[in-house]
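The values are calculated or read from the model by the stated rules, or taken from the named source; none is laboratory data. These figures come from a predicted structure and were not determined experimentally. Here the Cβ positions follow ideal geometry from the backbone for every residue, glycine too, while neighbour counts run over all protein chains shown.
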Amino acid sequence: MPSTLTKDQRTALEKLTLKAREAAEVAARAALDNLAVHEERPRAHLDEDQRRLRNRLRARGRALGDRLDPGGSQSIDQLAEAAAYEHWHRLLFTRFLADNHLLHTGAEHGGVPVTLEECDELAPELGARDGFELACRFASETLPGIFRRDAPVLDLRPAPNQEVQLRCLLDELPAETFRTDDALGWTYQSWQAKRKDEVNKSGVKIGAREQVTSNSLPHWQQGEAWILVTWRLADSLPAEKLHAWQEDKDAWFTHHRPPARQAQHPMGQGPRDRASARQVRLPLVSARRRADRGAAPAAPTSSATAGTMFT
């Protein structure tokens, strides 16, 4: 059954996330300063790889809205925020995958399930500094749509002591936090909480880059960021409506029994199974849409649903 964070858990998560954002932005700025991303020219001690990364980071910063001055210097405010966000959320997603037994090796290593302890053993063999760094690499390969391989901010390396600080903050979160349905969504809102309050209190007109909305989700809109949106109906619909829909559902299944399961596919469902599942699912989706428009459902829907998507 879907579970959600309690009020105390949300409060603890918000406080820790605010600490993490502050620490991550300090680490990102220090790493950017070390590469002289904000300066007109690269420093003499930078090697060719560092110079190429510096150029990529400067281009990324300008795409995010950092200002390039006529003399060649460049602001790094937006770039530092983006780098901090990407690094902290890669840590979070890695822990989420690991605690839910969803962490897998990359395709070149067979795509097999792996634990953090096994990552510790594999790290020296696969050229990672430690097991968690290797786990982050696997998480990036598992979620390429979220952590793009060509993203320069993920190639930026924080100082070891600052990286340890971020991991220590991550370790403060109990495993139960990562097994709830809404933890990642609350993390994103908590990440923006301080900045949202600053914008609201400033009285300055909000631009296109950062827009705060009220009485709708997401409360904060920001380009170049993934937003987790979760719909929960179980505790927000009238009891009489739920009862009526349950009766409709029972009646519909009485006259539309799903076909018997076909031969098993290696992953649990064969093509015929999936087609059968769609035949059952599509009328339910139609009923939800009709209900959203205020019409009586033509087919039943579940009385308690929770759906999640990334946009």
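Observations on the model:
- Within segment 91-113, the set of residues being touching a residue at least 12 places away in the same chain (Cβ under 8 Å), farther than 26 Å from LEU16 by Cβ and in a loop (DSSP other than H, G, I, E, B) comprises THR105, GLY106.
- Residue satisfying condition, being among the hydrophobic types (A, V, I, L, M, F, W, C), closer than 22 Å to LEU173 by Cβ and over 19 Å from the mean Cα position of the chain (by Cα), within set VAL37, VAL26: VAL26
- Complete set of residues in segment 238-252 that are among the hydrophobic types (A, V, I, L, M, F, W, C), surrounded by 13 or more Cβ atoms within 10 Å (Cβ to Cβ) and in contact (Cβ under 8 Å) with a residue 40 or more places away in the chain: LEU242, TRP245, TRP252
- Checking GLY127, GLY61, GLY72 one by one, the residue that is in a loop (DSSP other than H, G, I, E, B) and in contact (Cβ under 8 Å) with a residue 12 or more places away in the chain is GLY72 and no other.
- In segment 5-41, residue modelled with the lowest pLDDT [restricted to those that are part of a loop (DSSP other than H, G, I, E, B) and surrounded by fewer than 17 Cβ atoms within 10 Å (Cβ to Cβ)]: THR6
- For segment 92-119, a residue qualifies if it is charged (D, E, K, R) and surrounded by fewer than 16 Cβ atoms within 10 Å (Cβ to Cβ), and the qualifying residues are GLU108, GLU117.
- Of all residues in segment 96-124, those being over 16 Å from GLU141 (Cβ atoms) and of a type in the set (Val, Ile, Thr) number 1.
- One residue stands out among those in segment 148-178 that are outside any helix (DSSP H, G or I) and among the aliphatic types (A, V, I, L, M): the one that is nearest to LYS15 (Cα to Cα), which is LEU173.
- Residue in segment 95-110 that is small (Gly, Ala, Ser), assigned by TED's automatic domain parsing to the domain that holds LEU170 and touching a Pro at 6+ places or on another chain (Cβ under 9 Å) present: no
- Taken over segment 53-91, the criterion of being buried (at least 17 other Cβ atoms within 10 Å of the Cβ) and acidic (Asp, Glu) is satisfied by ASP66, GLU81, GLU86.
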